[in-house]
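As structure tokens, the structure follows; a few thoughts come after it.
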Amino acid sequence: NNILSNVSFRIKEGDFLGIVGPSGAGKSTLIHLITRFYELHSGEILIDGKNIESLSTQTIRENVAYVPQESLLFKSSILDNCRIGNPNATVDEVINALKLSNAWEFVNELPDKLLTKIGTQGLTLSGGQRQRLSIARAIISNPKLLILDEATSALDSHSERKIQDAIHSLKGQFTIVVIAHRLSTIKDSSNIIFIDNGEIKESGTHSQLMANQ
């Protein structure tokens, strides 16, 4: 059986697309097809009119930044962790990315600021702080497409709001796809698709979907 079927949608440059649906609906599979972690069995994905299969995985991954549900941070300084996205980034570029991701406010209060060492998996930071650093690292790579996969699902409502604010500040600067389990996370999106059992059941803006209940 196909995990996804009859799925068709278009994302324009600079759009913010929200994807919602229950667990196991096929949301992450969709993202893994766009990033070519999985190959298509049928249908096609086009980027600027070119079939994704004609592009190398390196080209795709150089242009796509992916922030998973579990943030992956390394036992090093905040600066080093942020520069994984772009080793040549200047300190000013790192600070700008931290501001955009709503992370600079807490980094700036740390005794060593950017040079603060964080434990393996960022264990010295809260979940919300780790996620905001992951988003900053993604921004620093200056991707054409920024994907957040359930990035707020394990967070409390205060941390989720911080990330919502960060996503809001990134609107129009990147093409953004956000997978969410709560509709509120993606209320600012240009379009939302609701996936269930591998099919798009509804699509529209937040207010349209709320009107349809």
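Charges were assigned to the Cβ only: +1 to each Lys and Arg, -1 to each Asp and Glu. The resulting dipole of the chain about its Cα centre is roughly 240 debye. For I84 and A211, the FRET efficiency from 1/(1 + (r/R0)^6), where r spans their Cβ atoms and R0 equals 35 Å, is about 0.25.
Expressed in Å, the radius of gyration and Dmax of the Cα atoms of segment 1-103 are 16.7, 50.
Over the residues of the chain, the helix contribution to mean residue ellipticity at 222 nm works out to -9000 deg cm²/dmol, using -39500 (n - 2.57) for each DSSP H run of at least 4.
Only Lys, Arg, Asp and Glu carry charge here, each on its Cβ (+1 for the first two, -1 for the last two); on that basis segment 150-213 has a dipole of about 180 debye about its Cα centre.
Based on the Cβ-Cβ distance of F9 and T59, what FRET efficiency does E = 1/(1 + (r/R0)^6) give at R0 = 22 Å, to the nearest 0.05? Walk me through the intermediate numbers first.
On the way: r = 22 Å, r/R0 = 1.01.
Calculated value: 0.50.
Taking the protein heavy atoms of segment 13-127 in the context of the full set of protein chains, the accessible area attributed to carbon and sulfur is 51 percent at 1.4 Å.
With contacts taken as Cα pairs under 8 Å at a separation of at least 6 residues, the chain carries a relative contact order of 35 percent.
Determine, at each q value in 0.14, 0.15 (inverse angstroms), the log₁₀ of I(q)/I(0) that the Debye formula gives when each Cα of segment 35-191 is one equal point scatterer. Scattering profile of segment 35-191, log10 relative to I(0): -0.71, -0.80. Pull up the cross-link candidates among the aspartates and glutamates for K117, meaning alpha carbon to alpha carbon under 20 Å and not fewer than 8 places away within one chain. Within reach: E70, D80, D92, E93, E105, E109. Give me the net charge of S77's neighbourhood, meaning all other residues with Cβ under 14 Å from the Cβ of S77; Lys, Arg count +1, Asp, Glu -1. In short, +3. Hey, can you find the accessible area per residue of the chain for me, probe 1.4 Å, expressed in square angstrom? Heavy-atom SASA per residue in the chain reads 53 Å².
Can you grab the distance from the C-alpha centre of segment 152-202 to the C-alpha centre of segment 27-105, Å, no decimals? Result: 17 Å between the Cα centres. Amide H contacts for V67 (H built 1.01 Å from N in the peptide plane; partners 5 or more residues away or on another chain; cut-off under 5 Å): I147, L148, D149.
Which entries of K50/K201; K162/K201; K171/K201; K99/K162; K12/K50 show an alpha-carbon separation above 19 angstrom in the structure shown? Listed pairs above 19 Å: K50/K201; K162/K201; K171/K201. Between N108 and D196, the modelled label-to-label distance comes to 4.5 nm, taking each label 7 Å out from Cα in the direction of the beta carbon. Under the simplified labelling scheme, the Q69-S23 pair shows an inter-label distance of 0.7 nm, with each label point 7 Å from Cα along Cα→Cβ.
For segment 33-168, the antiparallel share of DSSP beta bridges with both residues in that region comes to about 50%.
The values are calculated or read from the model by the stated rules, or taken from the named source; none is laboratory data. Because the structure is predicted, anything quoted here is derived from the model rather than measured. FYI the Cβ positions are ideal-geometry reconstructions off the backbone, even for glycines, and counts take in every protein chain you see. Note: areas computed on protein heavy atoms with side chains; ligands, DNA, RNA excluded. Shrake-Rupley method; radii C 1.70, N 1.55, O 1.52, S 1.80 Å.
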